[in-house]
Amino acid sequence: MNKEIRLIASDLDGTLLDSKGNISAYNIETIKKAQAAGIVFAISTGRFPENAAQIMLEADLSCPIVSLNGAVVELAPNGQRIHEDFLDMDAARAVFELLESLGEGYYLFGRATVASRRDWPRHISERNADQLVSIKRRVSYTYGLEACEQALSRPQHKFFVYHSEDGLPLSEVAERLRRIPGVEVTQSSERNLEVMPDTADKGIGLRLLAEALGIPREQVMALGDQHNDLSMIVWAGLGIAMGNAAQEVVDAADAVTAGNDEDGVGKAIAKYILGEQEL
């Protein structure tokens with residue numbers, strides 16, 4: 001067993017979750033073995049806290065969660081919140097006005113609130129729709145332009161932009177958004193943009209979690225596949241890219257594991273921490 005790694009941080013989509021949105025039995029088993037050995041397993045995701053918590057609880061896994069790309073850090077699913085970051089109110093208004101002018105669809109994520117410019121259930125998977133039944137007990141959902149305008153009267157963690165194919169190229173939308181002071185623009189897939197406070201990213205969130213646990217970065221392993229994972233891949237002592245990762249993530253990582261449909265997270269834990277098998 002590698003005694004150097006004391007904290008594992010894994011992305012969800014494209015990493016721990018397979019292409020159907022499930023966590024494999026092998027991944028769950030390997031994570032629990034690491035936890036039993038005294039190693040902290042954590043999630044670091046762009047999803048909102050309640051959604052990430054629901055996924056982990058359904059898999060019978062309790063762990064710290066870094067959510068909304070580092071804007072929120074909790075020590076357990078729906079547990080003690082040790083960090084929370086919000087968009088500057090003027091910056092959020094500027095993002096809103098730009099997206100409206102471009103005709104882009106988006107969600108606004110605040111503290112236990114989600115406001116969608118359009119009817120969200122039409123844009124999410126059947127599995128995620130099923131999860132809404134449980135999550136709605138903890139989160140307020142509203143829809144439409146008026147709901148989004150009302151949301152802007154309260155602090156917001158993030159805009160999630162789902163790109164309109166009829167509009168400008170996604171790269172140009174991102175470029176315009178980056179001109180707004182105080183925001184960071186990242187991606188969790190080739191079809192979306194995520195607009196955060198420029199003081200929040202997964203690397204910052206993971207650092208804050210590690211500090212709270214008293215674990216130095218040299219003893220942290222991070223796994224991910226997309227642009228929004230880069231900051232934690234680079235920050236961690238051992239950065240692991242998934243076999244299905246974007247090339248920029250592969251280039252930044254210390255090693256590459258199998259893809260998300262081939263139990264890449266579990267195989268990395270087995271190889272680099274538990275010493276059970278070679279990839």
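In what sequence, highest mean first, do 188-201, 223-236 appear when ranked by Cβ atoms within 10 angstrom?
By packing density, highest mean first, the sequence is 223-236, 188-201.
Quick check for the chain: number of Lys pairs with alpha-carbon distance under 22 Å, counting only pairs 8 or more apart or on different chains?
12
With charges set only on the Cβ (+1 for Lys and Arg, -1 for Asp and Glu), what does the dipole of the stretch 36-102 come to about its Cα centre, in debye to the nearest 20?
220
Once the convex hull of the alpha carbons of the chain is built, what does its volume come to per residue, in cubic angstrom?
116
Can you tell me how much longer the chain between R138 and S164 gets when fully stretched, taken as 0.36 nm per residue apart minus their C-alpha distance, in nm with one decimal?
This chain segment gains 6.4 nm when fully extended.
How big is the dipole moment of the stretch 1-48 about its Cα centre under a simple scheme where the beta carbon of each Lys and Arg is +1, that of each Asp and Glu is -1, and everything else is neutral? Debye, nearest 20, please.
160
Report the trypsin sites (Lys or Arg not before Pro) located in the stretch 1-90 that are in a DSSP loop and have at most 11 other Cβ atoms inside 10 Å of their Cβ, or state none.
Here the sparse-neighbourhood loop sites are K3, K20.
A short reminder: the numbers here are calculations on the coordinates, not readings from a lab. The model shown is predicted, which means the values in this text are computed figures rather than measured ones. Quick reminder, even Gly has a Cβ in these numbers, built from the backbone with ideal geometry, and neighbours come from all protein chains shown.
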